[in-house]
1. Quick one: helix B:119-130 against the long Cα principal axis of chain B, what's the angle to the nearest 10°, folded into 0 to 90?
2. Using alpha-carbon positions, what is the distance between the centroids of the stretch A:208-245 and the stretch A:357-406, in Å?
3. If eta is 1.002 mPa s and T is 20 °C, what Stokes-Einstein diffusion coefficient results for the stretch B:100-161, Kirkwood Rh from Cα pairs, in µm²/s?
4. Counting only DSSP beta bridges with both residues in chain A, what percent are antiparallel, rounded to the nearest 5?
5. Using amide H atoms built 1.01 Å from N in the peptide plane, name the residues 5+ places from residue A:163, or on other chains, whose amide H lies under 5 Å from its own.
6. Pairs of Cα atoms under 8 Å, at least six residues apart: use those to get the relative contact order of chain B, whole percent.
7. Rg (Å, one decimal) plus Dmax (Å, integer) for the alpha carbons of chain B?
8. Just to confirm the filter: which trypsin sites (Lys or Arg not before Pro) across the stretch A:153-206 are DSSP coil and have at most 11 other Cβ within 10 angstrom of their Cβ?
Amino acid sequence: MSADPFAAPRAANGRAPDVFRHGGWVPMRQYREDDEVDFAVVGTGAGGAPLIARLAETGFSVIGFDAGPYFRPLEDFASDEWEQNKLYWTDQRVIDGANPMVQGGKNSGKAVGGSTVHFAMVSLRFRPEWFKSRSQLGYGADWPLDWREMWAYYGQAEEALKIAGPVTYPWGPKRPRYPYRPHELNGAAEILARGAEALGYKWTATPLATVSAPRGASPPCVYRGFCRFGCSTNAKQSQLVTFIPRALAAGAEIRDLAMVGRIETGTDGRATGIHYHREGQWRFQKARNVVVAGYAVETPRLLLASANDRYPDGLANSSGLVGKNLMTQANQAAFGVMQDEVRWYKGPPSLSLTEHWNYEDRKDFAGGYCWMAQGPLPIEWVTVQTGARGIWGEQLRREMEKYNHQVGLKMVGEMLPDERNRVTLDEERDQFGLRIARVTYSWGDNDKALIRHALDQMHWSLEAAGATEIFRQENDTNHLAGTARMGFDAKTSVVNADCRSWDIPNLWVCDGSVFPTTGGVNPSLTITSIALRTADRIEALAARGEL
Amino acid sequence: MTGRYPDYDVLAKRDTPSWNDVTRRTVYRRLDLPRMPRYFSEAEWRTLGAVCDRIMPQPSGRERIPLPALVDAKIFERHEDGYRLASMPGQGEAWKRGLAALDAEARTRHELDFASLGPDDQDALLRAMQKGELTHDAWGGMPSKAFFEHRVIADVTHCYYSHPIAWNEIGFGGPASPRGYVRMGLNRRDPWEGAEAAPGEQAEARRINQRVG
């Protein structure tokens, strides 16, 4: 038994947890606070971790900070929905707007590895046109990135995470074969396939970041089904078991339980380091470059909270866009009952999907969506029943008894950027004395049209697959994007294509915050691919003396 | 016990490869929770118990899931959601205010506190809360509808389905690490999963379920 991962930092005294062994350790290089390290990276998730690893491998001195603990999955992760709430960002946030966006497990993580520790592992590429959705599809905003370049980085990310996927992917330009073979379908995934075929749509086994064969110290997935509550066997290729160990091996330091509260700037206006809270006190780490990778709520929160006399509206905010254009994704669903026993709790929750409506443009709204098979565990499932149907009492208990016959189709749908959807600082303060985030969100008319379309489609598909007692879950969202968008100039964006702030050249943002639009697929693979590109760009800029 | 999964007991698997040490510690701790308030006052505890009985009524003939103790533990142990509506206070304050308001509403309508009402009157008040029709001063500006959705329904039902007895009731496999599952397709059951009784065929399912492990 090791010490409680929440009680005191584990990454200390020249060592960090070995995530593959009970009570194990690996050596870790450590820097002094007055060492001016090349990079201080705030956040160790899908954006931060690959960047930390790649920068360290390039030879930079790097420290990754995370507010959360450093888990060893084998000894710390229970097969239990309730207990594993410890993986989420549960510090207080205030939500408002016409459609207040629920926080917690659906869009946050607080651990070394970030939300990839509990993500559903769905690893999809953007449709190429989405990088130019304004000029090619007529909505949203263009990205300053070229899809052909991104295609290469997607390939690198898929290789690094050993994505298990189909031999041929049914949509979009040719892509290489996935590194690992696809997982077998569970009952819920079979029903999705049946329902898609009935409507004449293609479907496929979902490309997933959990291995279908051994990889190093990761055993193949055993289909225990608690993926969204942390993988206790290390089959899941989270950042915690992939890029973080790579980062340590390359000489990076990780500081867990380290809450960054403010970025300091010097008389020349450049960032000089970060103030962070660890082991009961505020500390300061000097750094030549600061990278913010806290995702679309914590990233703007930190940039705004770092306001000073020189930057009264917050750092990197001359455009006024920090915190604005927050996006989530529509996550509505249709559920029904089968005669068959489905037992959807077995295996990864989304083993099959259809991207039909991401690649079909004959529709009366902008943006796209996919839908996936579902496998909610009991607490998640009762949340759907009560939220979507408003039932309770004896009726609820009876409906819940149909658990093993339920099936569902759940969308991941593109919501459009809107400056009124945003993250601001509330007056209330957290346990560190920092102002908490206020998250304001309202769905637009296009968002509502997209949701209506998808709900009808999913309903018909379930019906065609033989489900009865179908009902719709009309109010659910997941994932985040926006709030520090990348773009073509300093007036209309926060960072450039290299994720570098227009205003402060040694301040960078590397997470989903940089997305100008969010697409109709889960964002993690795109975040990681951008991080890999950013690492290459930093290396190239450094070689030219342009850092 | 009857029901869909007669005699299926997730806990029978606790010493099998479906449970690891951290899972055992976690679930045993939950089963051993003190059955007394640590956060709520005695009066609030009584009202909370009455609310739990209507939101998740429990069948007779089996051990009861200690819902008030689980809800109390959620607040006492600071098991947080990570957000709150701008119109609501934090979870502990919301519960205290909401339970007091529910009692105030009951006294206004029936001159009795909530726990002393009959089930029909209790349900009528809960339905009015669900629709946001309760507006007594005691709510202190907190919308009764928001309290119902974000605290009452969410906390009580989540606590219920965090308990192994509820897993038995719905045939959920429960903890599954490191063994996981093998038979993935439709209408396939691993020997360590509960068997569902076909109508009128409780005996066969009971026989299978007594050997699940």
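The values are calculated or read from the model by the stated rules, or taken from the named source; none is laboratory data. No experiment lies behind these values; they were computed from the predicted model shown. As a convention, Cβ positions derive from the backbone with ideal geometry for all residues, glycine included, and neighbour counts pool all protein chains shown. Note: accessible area is taken over every heavy atom of the protein model, side chains too, but ligands, DNA and RNA are not part of it. Shrake-Rupley method; radii C 1.70, N 1.55, O 1.52, S 1.80 Å.
1. Result, in degrees: 80.
2. Distance between centres, Cα-based: 26 Å.
3. D, rounded to a whole number, is 181 µm²/s.
4. Values: 52 of 72 bridges.
Among the beta bridges of chain A, antiparallel pairing accounts for roughly 70 percent.
5. It is A:180, by chain and number.
6. 36
7. 19.9, 58
8. Of the trypsin sites (Lys or Arg not before Pro), the ones in loops of the stretch A:153-206 whose Cβ has at most 11 other Cβ atoms within 10 Å are A:174.
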